[in-house]
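The values are calculated or read from the model by the stated rules, or taken from the named source; none is laboratory data. Not measured: the values here are computed from a predicted model. Cβ atoms come from the backbone with ideal geometry, glycine included; neighbour counts cover every protein chain shown. With ligands, DNA and RNA removed, areas are computed over all heavy atoms of the protein, side chains included. Shrake-Rupley method; radii C 1.70, N 1.55, O 1.52, S 1.80 Å.
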Amino acid sequence: MLPLLVHFTFTALWSQLLLYAVALAAVAYIAYNGWRNAEGTPGARGEKPAAPTSGQRMTRALSYGAFAAALAWFGLRYALPASAIPGGKGEGIPVHTYGVLLATGFITAASVAARLAQEEWRKLTWVPDAQGGGQWVDTEGPRKREAILDLSFYVLVGGLVGSRVLFVLVNWQDYARDWTQVFSLGGGLVFYGGLIGAALAAWYFARKNGMDFLRLADVAIPTVSLGQCLGRLGCFSAGCCWGDVTAAGSRFMAHFPGSGLARDLFGRLGGTSSLAFQSQAQDHRYVVEATGEILHHAAPGAVRISEWVAQHGTTLPVYPTQIYESVGQLVLFLALLYARRFRRFHGQIFALWLMCYAVLRTSVELFRGDVERGTLNGLLRSLGASGLADAVPLEAWYNISTSQFISLCMFTFGATLLYRRIRQASEAPGVGPTPSPA
């Protein structure tokens, strides 16, 4: 595991000036992209928008630049010391493997979705030239590709907000003591919250731009699995979303390090414990190493979890659930990409993804060991129903997690959508999605 790639600090004057220059260049580049990709006044339905005016370009550039400047100011205050910027925290820039892989997954998913959109909406038009000849030009595909790249910004914001909101709701007792921590950089994100937030953002974008949401979803949803395939590898590096304790000698298992063993890309001690280690270091339950059975009381052959990890500097052997889901997501992406060739109606791939991912996630959750993610037991205790909570032990299979409950709802929605679209397609024979390559 490699939780931290490298940690940049900015104590020297030259490094502080360099960071300012990088931030300024980033703001300028984002503002330029806003100016370059400005859209003109929309024409009638089906007509190409007019070329953007100088005022429209400038307005878009200023809005993009202002947003980028606000993010840059927030980032500089976090990274630089107070001597270099008012209110600076001097935290530097830790480059976590989780963040790198999450960003790589997002960029990869957006790029593939843009390419698929160009193929989905390909429209060849004969464009004559001055010599009496001409050529076939795709007049719609490139526009839809740019639209998907614009959509990625909406999805990013919606996903971050949604994932943070669900994390806070699941851990509401922790934040009830101090609600200002909701906006802290510490804490976590929840995939299902991000998915819901991103879906709402995509629905708004599709409606705003006159696109069929189900057709858009068919194009984009398989790439969510591609991005999550890389994102779960980031979870594995950070030691989050870890599995339950396995029996000693299990063939598939993982140990997550504490700060005394976690090193960065250059072999230096990073001083950062994996999240799994931090959790087990505070877990006062007991475990029988030979079988992996977890107990709430001392027993022959059992050892306290917190004492074991403190002695060994790593977690107990646990299921690598992050790898399980990463592989499953890759298979799901490839399968749905192939299934696009046989679509009968818009929304078919979207519905299949909802159902398949719900099954995958529910299955993986059976091997998860991070009770912090939110379970029925934790919910009952937070509501003061300790008697009912005792009837739903943490280790029980029926102690469903928040994600399993959402999976059940998502599977039901996907199955309902698929059933309704199949009925509509059968009642209107010959009507189906525009044929497109996968």
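Between 380, 18, 149, the GNM of the chain built on Cα springs shorter than 10 angstrom shows 18 fluctuating the most. Over all pairs of different C-alpha atoms, the stretch 231-362 has a mean inverse distance whose reciprocal, the Kirkwood radius, equals 16.9 Å.
In a simple Cβ point-charge model (Lys, Arg +1; Asp, Glu -1; nothing else charged), the stretch 301-438 has a dipole of about 800 debye relative to its Cα centre. Principal semi-axes of the equivalent ellipsoid, √(5λ) from the alpha carbon gyration tensor of the chain, are 43, 31, 19 Å from largest down. Measuring nothing but alpha carbons in the stretch 282-416 and taking Rh as the Kirkwood radius, the Rg to Rh ratio lands at 1.09.
Summing charges over neighbours of residue 242, with a neighbour being any other residue whose Cβ is under 14 Å away from its Cβ, gives -3 when K and R count +1 and D and E count -1.
In a reduced charge model with +1 at each Lys and Arg Cβ and -1 at each Asp and Glu Cβ, the stretch 349-416 shows a dipole moment near 160 debye about its Cα centre. In the context of the full protein assembly, residue 324 retains an accessible surface of approximately 80 Å², using a probe radius of 1.4 Å and ignoring ligands and nucleic acids.
Expressed as a whole percent, the accessible area of the chain that falls on carbon and sulfur atoms is 66 (1.4 Å probe).
Each of 169, 335, 367 was placed along the dipole of the chain (beta-carbon charges, centred on the mean Cα), and the one lying farthest toward the positive end is 335.
Listed by number, the DSSP H helices of the chain that run 15 Å or longer by alpha-carbon position along their axis and have mean Kyte hydropathy of at least -0.5 are 13-36, 54-79, 97-120, 141-170, 191-208, 213-238, 321-339, 348-365, 402-427.
Among 401, 279, 15, the largest mean-square fluctuation in a Gaussian network model of the chain, built with springs joining Cα atoms closer than 10 Å, belongs to 15. For residue 296, the accessible area of its heavy atoms, probed at 1.4 Å with every protein chain present, is near 110 square angstrom. Which is farthest toward the positive dipole end of the chain among 296, 316, 74, measuring Cα position about the Cα centre, with Cβ charges +1 (Lys, Arg) and -1 (Asp, Glu)? In the chain, that residue is 74. Straight-line cross-link partners of residue 144 among the aspartates and glutamates, defined as a Cα under 20 Å from its Cα and at least 8 positions apart when in the same chain: 39, 47, 119, 120, 212, 218. Listed by chain and number, the aspartates and glutamates whose alpha-carbon sits under 17 Å from that of residue 89, ignoring those within fewer than 8 places in the same chain, form an empty set.
Once you charge only the Cβ atoms, +1 for Lys and Arg and -1 for Asp and Glu, what is the size of the charge dipole of the chain about its Cα centre, to the nearest 20 debye?
It comes to approximately 1140 debye.
Of 328, 132, 158, which is the most mobile in a GNM of the chain whose springs link Cα atoms less than 10 angstrom apart? Highest fluctuation among the options: 132.
Work out which trypsin sites (Lys or Arg not before Pro) in the chain are exposed loop sites (DSSP not H, G, I, E or B, at most 13 other Cβ within 10 Å) and give the longest gap free of them.
345-438
Average accessible surface for the chain: 54 Å² per residue, computed with a 1.4 Å probe over protein heavy atoms with every protein chain in place. A compact globular protein would have a Cα radius of gyration near 2.2 N^0.38 Å; the ratio found for the stretch 1-142 is 1.51.
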